[in-house]
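For reference, the structure discussed in these notes is given below.
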Amino acid sequence: MKYLDEYRDERIARALATEIVQHTTRPWVLMEICGGQTHTIMRYGIDELLPREIELVHGPGCPVCVTPLETVDKAIELSLDPDVILVSYGDMLRVPGSRSDLFRAKAQGADVRIAYSSTEAVKIARSNPGRKVVFLAIGFETTAPANAMAAWQARREGLTNFSFLVSHVLVPPAIRALMVSHTNRVQGFIAPGHVCTVMGCKEYESLVRDFCVPIVVGGFEPVDILEAVLMLIRQLEAGEARLENQYVRSVSYQGNVPAQQIMAEVFEIADQKWRGIGPIPQSGLRLREEYAAFDADRVFDLGGFTVDEPAECISAQVLQGLKKPTDCPAFGMRCTPENPLGAPMVSTEGACAAYYHYRRHAVAK
Ligand code: SF4
């Protein structure tokens, strides 16, 4: 299979679904980690193709959704400083902070700009030497190398008006936290293919070994997801727990070593708070001491932000696979993409947004 169309081929998808039915003899709960995979599942109705014994639950792999409320509040506060240009990915503008969001701050006159990469933010800093440019650097291992490269470049150029508000998170510690939780129901994981393109499969071996849980690195097209489910079911039904790679067209065992090297040069692993979920040990990245001059938290002395999630939002349970978005009383009523209460309704990778776009009818049931 070389071309995208083949990964959306209905005939191949139905053949895989039939094979899954043939191999399934009892109930299994599987989690796809990445929000991009969740959107594929909802968009193509993959969960409806599976036997009723298989439940797909949705994981915490939506970078916008897990960016802490405090970080959003800090970004809003920074954006209101007339000396600051706050640069962010577009998704982050609608993410609700505790009292406002960046979109509203922009409407109030804050200089908030959308960028598609951190390199664009570096360019904005170069062109505005009299302003302080802050890039809201969020995401998983997928975006960290590009942000590390931007920090490296800014340091090399001696830019003194550029910094990062960092909220980088790592997938393997999140899986570990899910597995040690007494509420965990997940018996097999579809690991995120794009993260593994950077980090390789190797990081997941210890999880398989420590928890005796099968993990299949999966892609993002319907055939990818179905094949990954089949690989998990084969293992589970056989009583096995192995690491397998379905996404071989992009993911190797070692991953992208130069990308890992630049990440390691600029960032170090640190404890990290995940929005809705709480702190997870050693699950984030922060700038190394050599890059302290590019760390907005230190440059602007941003401390003392502690805020609570809106009580109505059950995103913590959604992100841990304990509830579905349609279990939330606010879903599609008080919480919509136009008026989101929680981040999973905003992001293009959010589970609540996926259900809203593709499965709203489920609420009526
Ligand atoms: S529907 Fe809205 S309020 Fe409910 S969990 Fe999702 S984001 Fe939170």
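Annotations
- Within straight-line cross-link reach of Lys323, aspartates and glutamates at Cα separation under 18 Å, skipping those fewer than 8 residues along the same chain: Glu32, Asp47, Glu48, Glu53, Glu55, Glu309, Glu312, Glu349
- The phi-based Karplus calculation (6.51 cos²θ - 1.76 cosθ + 1.60; θ = phi - 60°) puts the 3J(HN,Hα) values of the stretch 240-245 at 10, 9, 10, 8, 10, 10 Hz, whole numbers, x for Gly and Pro.
- Prolate/oblate/rounded label for the stretch 241-298 (Cα gyration tensor, a/c 1.5): oblate
- Helix-only CD estimate at 222 nm, as mean residue ellipticity for the chain, using -39500 (n - 2.57) per DSSP H run (n ≥ 4): -10500 deg cm²/dmol
- Of all aspartates and glutamates in the structure, those lying under 14 Å Cα to Cα from Lys123, and not within fewer than 8 positions of it along the same chain, are Glu157.
- The chain: angle of helix 257-266 to the longest principal axis, Cα-based, in degrees nearest 10: 40
- Taking the stretch 217-365 and dividing mean pair separation by its residue count, relative contact order in percent (alpha carbons under 8 Å, at least six apart): 11
- Counted charge near Leu30, where neighbours are those whose Cβ lies closer than 12 Å (Asp, Glu -1; Lys, Arg +1): -3
- Rounded to 10°, Cα long-axis angle of helix 10-23 versus longest principal axis of the chain: 60
- Take every Cα pair under 8 Å whose residues are at least 6 apart in sequence, average their separation, divide by the length of the chain, and the relative contact order is 23 percent.
- Packing-based order for 141-147, 246-252, 258-264, using average beta carbon neighbours within 10 Å, highest first: 141-147, 246-252, 258-264
- Rounded percent of accessible protein surface that carbon and sulfur make up, the chain, 1.4 Å probe: 51
- For the set Lys202/Lys273; Lys106/Lys273; Lys132/Lys324, the pairs lying more than 30 angstrom apart at their alpha carbons are Lys132/Lys324.
- Under the shape rule built on the C-alpha gyration tensor, where the axes satisfy a ≥ b ≥ c, the stretch 81-156 is oblate, since a/c reaches at least 1.5 while a/b does not exceed b/c.
- Note on the stretch 39-189: semi-axes of the ellipsoid equivalent to its C-alpha gyration tensor, largest first and rounded to whole Å, are 35, 18, 14.
- Positive minus negative residues near Ser88 (Lys, Arg vs Asp, Glu; Cβ under 14 Å): -1
- Neighbourhood charge, 14 Å Cβ-Cβ cut-off, centred on Gly158 and excluding it, Lys, Arg +1 and Asp, Glu -1: +1
- Phi to ³J(HN,Hα) by Karplus 6.51 cos²θ - 1.76 cosθ + 1.60 over the stretch 217-234, Hz, x for Gly, Pro: 6, x, x, 10, 9, x, 5, 4, 5, 5, 5, 5, 4, 4, 5, 5, 5, 4
- Centre-to-centre, using Cα atoms only, the stretch 212-235 and the stretch 18-59 are separated by 9 Å.
- In order along the stretch 154-163, phi translates into HN-Hα couplings of 4, 5, 4, 7, x, 5, 10, 10, 10, 8 Hz, rounded to whole numbers, per the Karplus curve 6.51 cos²θ - 1.76 cosθ + 1.60 with θ = phi - 60° and x for Gly and Pro.
- Two-decimal ratio, the chain, of alpha-carbon radius of gyration to 2.2 N^0.38 Å: 0.99
- Heavy-atom surface of the chain, accessible at 1.4 Å and reported per residue (Å²): 43
The values are calculated or read from the model by the stated rules, or taken from the named source; none is laboratory data. As the structure is a computational prediction, the values presented were derived from the model and not from experiment. All Cβ positions, glycine included, derive from the backbone under ideal geometry; neighbour counts span all protein chains shown. Ligands, DNA and RNA are stripped out before the accessible areas are found, and what is left, the full protein with its side chains, is counted by its heavy atoms. Shrake-Rupley method; radii C 1.70, N 1.55, O 1.52, S 1.80 Å.
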